Amino acid sequence: MRTLFVALAMLLAAPAARAATPDEILAAVDRNLAPETYESYRKLVNIEPDGSKREFTLFTVKKGHDKVASLFLAPESEKGRTTLRLGENMWLFIPAVGKPIRITSLQSVVGGVFNNADIMRLDYRTEYSVESMEDLGATYVLRLKAKTQYVAYDRLTMTVDAKELVPISIECYAATGLLIKTLHFKETKAFDKGHRRPAVIETDSPLYKGYRSIMITIAIKERSIADEVFTLNFMPKLEGIR
Amino acid sequence: MTRIRGMIACAALVAQLAAVPTPAPAQDEYDFSELEREIRTKPYAFGGFFELTPSLAALDRESAAYRLRALDPGGDGYSRRYDAALRLEGSYRAGIAALHARAEGQARREDGEWERRAILMEGYLSLRPSPGLSIEAGKKAVKWGTGYAWNPIGFIQRPKDVEDPEEALSGYTVLAADWIRSFDGPLSTLAFTPVILPVADHVNEDFGGGRHVNAAAKLYALLWNTDIDLAVFVGESGSAGYGVDFARNLRSNVAVHGELAYVTEAGIPAFDGAGALTMETSDVVAALAGVRWLTESEITVIAEYYHNGGGIRADDLERYFALVDCAYDAFVESGDCALLDVARRVSGSALGRPHPGRHYLYARASWKEPFDILYVTPAAVSIVNLADGSASFMPEISYSPVTNLDLRVQGVIKAGGDNTDFGEKLNEWRLELRGRFFF
């Protein structure tokens with residue numbers, strides 16, 4: 001009976017979503033990827049052409065539309081490293097260095113295909129505007145343009161599952177039109193309060209032929225977090241709020 | 001429009017309902033239960049690294065640094081050094097309190113001699129009653145300034161090793177607090193950090209003798225996306241310091257930073273009218289301007305200009321090296337080392353810093369994972385004394401073959417003529433291999 005209800009509801013929902021504007025679809029995609037304010041645990045896996053892997057575990061908190069902080073929990077060589085993003089500003093704190101240093105969004109603190117902007121991603125609608133949208137029936141294709149020059153990728157082509165309103169893939173382009181990388185969203189599963197979100201993002205890049213990076217969301221939930229957590233002075237203390 | 005929003009909400013609700021009975025597909029590829037075990041929180045943390053660093057250096061027998069040491073000229077002209085270090089770091093949390101410690105044991109074998117030492121780099125208690133307030137007491141490294149290689153406003157920190165500026169430094173014994181507030185609008189963050197730095201026997205003796213108390217404070221603001229710090233250091237140690245710094249991203253691949261410090265009663269090494277090297281006391285300005293730039297080919301360039309108003313003038317540095325030459329000649333001819341002792345004392349105090357001059361340029365270019373080779377970073381570093389044109393070049397390659405193991409090969413080559421800053425350094429070149437295993 002429940003399965004029948006779900007199938008009926010989804011049939012009704014699909015055309016409803018299709019009637020939405022591109023901006024509303026992008027907003028729905030953002031919320032279906034993550035709550036606006038949350039804490040999460042993620043694992044990054046860099047896979048080399050010979051199959052060997054390098055893994056990183058991250059604790060991340062996000063608040064509102066422009067505040068993200070991440071703490072490396074593993075491996076030991078990276079433990080305690082903290083990254084902070086406030087809008088277009090990014091900093092890296094390395095325990096041995098003892099003070100935050102400004103970094104740029106295009107750099108990568110972990111190596112591999114993911115860069116800082118991927119790890120400390122803000123809502124897409126915060127950084128991009130929708131230039132055009134194609135309705136292909138089962139999917140929408142949104143073409144997004146960066147709102148400012150501080151954004152890591154100049155343009156995105158986002159293919160969205162029209163039923164679940166979550167991305168299937170995102171192609172990331174430089175201002176020159178060069179394809180930098182493609183993100184593939186997989187393994188949609190239930191997280192906090194049953195919200196279905198993609199648990200796995202796989203990345204490949206023509207710039208790193210044969211290499212793949214995977215970001216696995218282990219846990220994600222809404223959480224109230226003080227604004228002061230998202231400051232330079234708090235970066236060395238982020239472990240204390242786990 | 002309201003109806004459309006309602007439809008989207010309905011779609012999201014349906015998606016949630018659908019989640020309940022439907023098992024997630026193909027989850028056996030990722031073992032989530034194992035991942036969830038990994039992220040469990042513990043009240044304690046422990047880690048560190050073990051490091052081995054053998055190095056070989058070719059000595060410049062004509063250099064002032066060599067002559068000051070009056071080294072045995074009968075050697076083969078090479079210095080072989082083997083360094084080992086064990087660093088331990090730990091913390092324990094209980095409620096709003098936490099204990100932190102970082103200690104290191106070091107052993108060095110050089111020219112047949114062993115040297116060992118153990119130091120507590122940091123050891124302090126912190127209390128954090130709220131995210132916006134924390135208090136710390138104990139030995140702690142307080143690092144201020146936005147510069148990478150130098151920090152003119154780092155009034156209460158030990159000097160960085162410019163050849164390795166990201167290495168941890170030992171702290172001083174302090175009582176410090178952090179008060180943080182966040183706002184909406186152009187002023188996003190305001191943070192105030194007052195620090196009390198007592199001086200007594202065996203406590204913070206770098207700040208002078210006797211028993212007294214110094215105070216320092218830093219006010220940080222994130223204003224219009226720009227980091228701005230105002231710093232002050234006052235007390236009975238003699239010099240007072242007042243400084244300001246900033247840092248800002250210009251584009252997604254470019255960031256700029258700078259520091260400006262005004263230090264009162266700073267000691268400046270200088271030759272007096274009688275030809276003796278003395279310490280003049282004067283108020284000085286130190287400044288730094290830098291840029292961090294990531295190129296399209298993933299090369300990170302860090303460049304900094306450093307003006308050290310408290311440094312020795314280029315002509316006085318030249319006269320000092322001439323003094324060392326005279327002293328060494330006297331020692332060789334007569335065995336009299338009195339003049340050499342004077343030169344050594346000056347070197348140890350006034351010129352003891354690795355970069356005693358006034359104008360320096362630091363440039364570092366590192367290429368992350370070139371040619372798609374992951375975990376390999378070649379880099380080239382250069383430090384130039386702009387007053388006399390001498391320089392130090394440091395090519396290096398870092399490689400992490402497996403998780404938690406970092407390997408680095410670094411060379412140091414000096415360039416500069418007689419009586420120049422780098423030209424008179426001890427080593428013609430040095431080659432160092434460092435292996436660091438984290439646990």
Handout entry: Any chance B:Arg434 is under 19 Å from B:Arg67 (Cβ atoms), in a strand (DSSP E or B) and open to solvent by 30 Å² or more (accessible area, probe 1.4 Å)
Key = no
Fill in the blank from the handout: Exactly one of B:Leu99, B:Leu35, B:Leu86 is free of Cβ contacts under 8 Å to residues at least 40 places away in the same chain, surrounded by 14 or more Cβ atoms within 10 Å (Cβ to Cβ) and over 30 Å from the mean Cα position of the chain (by Cα), and that one is B:Leu35
Completion exercise
In segment A:74-86, residues that are facing chain B (nearest Cβ under 9 Å) and in contact (Cβ under 8 Å) with a residue 40 or more places away in the chain total 2
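Quick test for you: out of A:Leu84, A:Leu92, pick the one residue that is surrounded by fewer than 19 Cβ atoms within 10 Å (Cβ to Cβ) and in a strand (DSSP E or B).
On the way: A:Leu84 fails: surrounded by fewer than 19 Cβ atoms within 10 Å (Cβ to Cβ).
Just one listed residue meets the conditions, A:Leu92.
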Handout entry: Only listed residue being farther than 30 Å from A:Val68 by Cβ and either more than 9 Å from every other protein chain (Cβ to nearest Cβ) or in contact with a Leu (Cβ under 6 Å, 6 or more places away or on another chain) (or both), chosen from B:Phe233, B:Phe246, B:Phe192
Key = B:Phe233
Fill in the blank from the handout: Among helices (runs of 4 or more DSSP H) entirely within segment B:1-104, at least 3 residues that are at pLDDT 65 or above and either under 29 Å from A:Asp192 (Cβ atoms) or within 14 Å of chain A (Cβ to nearest Cβ) (or both) occur in B:32-38
Exercise for the section: Can you confirm whether segment A:138-146 contains a residue that is among the hydroxyl-bearing types (Ser, Thr, Tyr), at pLDDT below 90 and touching a strand residue (DSSP E or B) at 6+ places or on another chain (Cβ under 9 Å)? Expected result: no
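I need the full set of residues from segment A:1-17 which are out of contact with any helix residue (DSSP H, G or I) (no Cβ under 8 Å at 6 or more places or on another chain) and either within 7 Å of chain B (Cβ to nearest Cβ) or at pLDDT 50 or above (or both), in order please.
A:Arg2, A:Thr3
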Handout entry: Total residues in segment A:113-127, condition under 13 Å from A:Ala34 (Cα atoms) and out of contact with any Leu (no Cβ under 9 Å at 6 or more places or on another chain)
Key = 1
Problem - Some residue of segment A:40-47 being over 13 Å from the mean Cα position of the chain (by Cα), at the interface with another protein chain (Cβ under 9 Å from one of its Cβ atoms) and open to solvent by 20 Å² or more (accessible area, probe 1.4 Å) - result: no
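Condition check: facing chain B (nearest Cβ under 7 Å) and at pLDDT 50 or above. Does A:Ala20 satisfy that?
Considered against the rule, which asks whether it is facing chain B (nearest Cβ under 7 Å) and at pLDDT 50 or above, A:Ala20 comes out as yes.
Specify which of the listed residues (B:Gly267, B:Gly311, B:Gly290) is under 26 Å from B:Phe207 (Cα atoms) and either among the basic types (Lys, Arg) or in a strand (DSSP E or B) (or both).
B:Gly267
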Practice task
Give the residues of segment B:122-135 that are touching a residue at least 40 places away in the same chain (Cβ under 8 Å) and either outside any strand (DSSP E or B) or open to solvent by less than 30 Å² (accessible area, probe 1.4 Å) (or both), sorted by residue number.
Solution key: B:Glu122, B:Pro131, B:Gly132, B:Ser134
Fill in the blank from the handout: Residues of segment B:368-414 being under 30 Å from B:Ile312 (Cα atoms), open to solvent by 40 Å² or more (accessible area, probe 1.4 Å) and more than 22 Å from the chain's Cα centre (by Cα), in sequence order, are B:Ala387, B:Asp388, B:Gly389
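Rundown of residues vs (1) more than 8 Å from chain B (Cβ to nearest Cβ); (2) under 30 Å from B:His100 (Cα atoms); (3) touching a helix residue (DSSP H, G or I) at 6+ places or on another chain (Cβ under 8 Å), yes/no style:
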{"residue": "A:Thr176", "(1), (2), (3)": "yes, no, no"}
{"residue": "A:Thr182", "(1), (2), (3)": "yes, no, no"}
{"residue": "A:Asp192", "(1), (2), (3)": "yes, no, no"}
{"residue": "A:Thr203", "(1), (2), (3)": "yes, no, yes"}
{"residue": "A:Ala226", "(1), (2), (3)": "no, yes, no"}
{"residue": "A:Val229", "(1), (2), (3)": "no, yes, yes"}
{"residue": "A:Leu232", "(1), (2), (3)": "no, yes, no"}
{"residue": "A:Leu238", "(1), (2), (3)": "yes, yes, yes"}
Exercise for the section: Would you tally the residues in segment A:23-39 being touching a residue at least 40 places away in the same chain (Cβ under 8 Å) and within 9 Å of chain B (Cβ to nearest Cβ)? Expected result: 4
Problem - Of all residues in segment B:161-176 being more than 21 Å from B:Ala118 (Cβ to Cβ) and touching an Asp or Glu at 6+ places or on another chain (Cβ under 8 Å), the one that is surrounded by the fewest Cβ atoms within 10 Å (Cβ to Cβ) - result: B:Leu175
Handout entry: Members of segment B:195-225 that are part of a loop (DSSP other than H, G, I, E, B) and within 14 Å of another protein chain (Cβ to nearest Cβ)
Key = B:Trp224, B:Asn225
Practice task
For segment B:270-287, name all the residues that are in a strand (DSSP E or B) and more than 24 Å from the chain's Cα centre (by Cα).
Solution key: B:Ala270, B:Phe271, B:Leu277, B:Thr278, B:Met279, B:Glu280, B:Thr281, B:Ser282, B:Asp283
Completion exercise
Flagged in segment B:340-367 as out of contact with any strand residue (DSSP E or B) (no Cβ under 7 Å at 6 or more places or on another chain) and open to solvent by 70 Å² or more (accessible area, probe 1.4 Å), in numbering order, are B:Arg344, B:Arg345, B:Ser349, B:Arg353, B:Pro354
Handout entry: Test for B:Ala255: is it of a type in the set (Gly, Ala, Ser), within 13 Å of chain A (Cβ to nearest Cβ) and open to solvent by less than 50 Å² (accessible area, probe 1.4 Å)
Key = yes
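The values are calculated or read from the model by the stated rules, or taken from the named source; none is laboratory data. Please read all numbers here as calculations on a predicted model, not as lab measurements. Ideal geometry is used to build each Cβ from the backbone, glycine not excepted, and the neighbour counts take in all protein chains shown. All accessible areas refer to the heavy atoms of the entire protein, side chains included, with ligands and DNA or RNA removed. Shrake-Rupley method; radii C 1.70, N 1.55, O 1.52, S 1.80 Å.
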